[in-house]
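Visitor: Here you go, one structure.
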Amino acid sequence: MNELTLSRVKPLTATFAYYVAFITLGATMSLTGPALPWLAQQTSSRLDQISIIFVASSLGYMTGSQLGGRAYDRFPGHRIQALGLLGISISSALVPVLHSLWFLVAVIFFLGTFQGALDAGCNTLLTWIHGVKVGPYMNGLHFFYGIGSFVAPLIFARVILVAKDISWAYWIFSILTLPVVIWFWFLPSINVRRRMVEQSNGRLNLGPFLLIVFFFIFTVGLELGFGNWIYTFSAHLHLVSEIGAAYLTSAFWGAFTVGRLLGIGISSRLRSHTILFIDLAGCLTAFAILLVWPVSSLALWGGTILMGLSIASVFATAMSFAEQRLTLTGDLVGWILVGGGIGGMIFPWLIGQLFESISPRVTMPILLSASLIALGILLTLIPRKTNETINGL
């Protein structure tokens with residue numbers, strides 16, 4: 001099993017570059033939720049029709065994750081990331097000027113493809129640099145995703161107040177991404193990691209790997225389903241105003257950011273499966289608050305903030321858990337992110353199909369089911385002795 005060697009790039013320099021890239025990733029991914037009613041109006045679509053952009057985004061994300069994962073095993077990683085960032089910049093600039101639903105779907109697909117390739121690259125290369133000690137660095141990476149996700153709805157709200165239009169909310173991040181493209185293009189790339197995920201008999205440990213992929217399906221579905229629909233959910237039920245819904249979305253991503261910041265320190269003190277169990281318990285508590293007091297504004301804000309705090313470190317911690325159980329190559333990270341893309345496609349789309357035909361209130365039961373299934377998968381994955389300890393709490 002060959003170990004990773006670094007090229008001229010310094011590990012901390014590369015790590016910081018990935019952090020900056022993830023601000024862009026978080027910002028461009030979190031804009032879709034607040035922009036959803038505006039994009040529906042822009043394309044003369046109903047909510048059940050416009051929700052197809054979640055499918056397009058996720059299909060693109062899965063495509064980019066898989067193709068990108070394979071590419072990082074073969075080509076200079078930072079050049080691939082530079083191209084991904086350039087694609088994100090161009091696609092984001094086009095979103096607010098398209099008035100045809102199907103042209104918008106096509107651009108959202110390509111935007112998702114570039115986002116998936118960038119996501120796969122940052123997670124893969126960071127894991128290659130830091131190995132089994134990646135936990136704090138991985139939580140740091142996703143903390144910066146949270147920063148982008150937190151800032152974007154705030155900028156969106158200000159743009160709506162001033163311009164009554166969503167265009168500059170997209171164009172601001174499109175323009176800010178361009179210097180990062182140049183930085184990555186000239187940043188020396190890390191040498192490809194030549195390690196395979198093997199058991200003692202030389203075969204991939206397929207069972208745990210598939211469970212990990214399914215865990216990402218349900219947890220990413222939970223995260224993106226909640227983050228993308230909390231704006232429309234709260235506004236349609238008249239629990240808050242449209243501007244209040246934007247601030248509520250920002251509160252979710254703000255709590256998400258704080259949770260990832262806390263995760264940096266916690267990940268160096270607790271085992272990854274313990275953190276995941278605590279996170280999912282927090283998600284279930286948040287759903288209890290939202291479902292027991294469905295018309296309370298205080299419960300809406302409290303449950304949303306608790307959800308953001310609880311779901312925050314799940315992705316990064318699960319990736320660290322996967323690295324501990326398996327030795328991750330770019331290809332396997334790509335498949336894990338494909339699982340995340342499936343979840344990010346199915347759950348937001350399903351909510352969109354039932355939102356108007358049944359009731360906006362179907363949102364929370366659908367997402368609650370995702371968290372319960374994820375908890376069941378986690379209990380299957382963790383070591384038996386740890387499982388018995390948790391059950392005895």
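Visitor: Among the helices (runs of 4 or more DSSP H) confined wholly to the stretch 30-117, which include 2 or more residues that are surrounded by fewer than 24 Cβ atoms within 10 Å (Cβ to Cβ) and without any contact (Cβ under 8 Å) to a residue 60 or more places away in the chain?
Guide: It comes to 32-42, 52-72, 77-94.
Visitor: Report, by residue number, each residue of the stretch 322-355 that is over 17 Å from the mean Cα position of the chain (by Cα) and more than 25 Å from residue 105 (Cβ to Cβ). Walk me through it before giving the result.
Guide: Going residue by residue through the stretch 322-355, those that are over 17 Å from the mean Cα position of the chain (by Cα) are 323-332, 350-355.
Of everything in the stretch 322-355, those that are over 17 Å from the mean Cα position of the chain (by Cα) and more than 25 Å from residue 105 (Cβ to Cβ) turn out to be 323, 324, 325, 326, 327, 328, 329, 330, 331, 332.
Visitor: Kindly list, by first and then second residue, each pair from a residue in the stretch 294-321 that is closer than 24 Å to residue 267 by Cα to a residue that is surrounded by fewer than 24 Cβ atoms within 10 Å (Cβ to Cβ) and hydroxyl-bearing (Ser, Thr, Tyr), limited to pairs with Cβ atoms under 7 Å and residues at least 6 apart or on different chains.
Guide: Once the first residue is closer than 24 Å to residue 267 by Cα and sits in the stretch 294-321, its partners that are surrounded by fewer than 24 Cβ atoms within 10 Å (Cβ to Cβ) and hydroxyl-bearing (Ser, Thr, Tyr) give 306/285; 317/267; 317/272; 320/267; 320/272; 321/272.
Each reported figure results from applying straightforward, stated rules to the coordinates on display, with no laboratory input. Since the structure is predicted, the reported quantities are computational estimates derived from the model, not experimental observations. Virtual Cβ from ideal backbone geometry, glycine too; neighbours counted across all protein chains shown.
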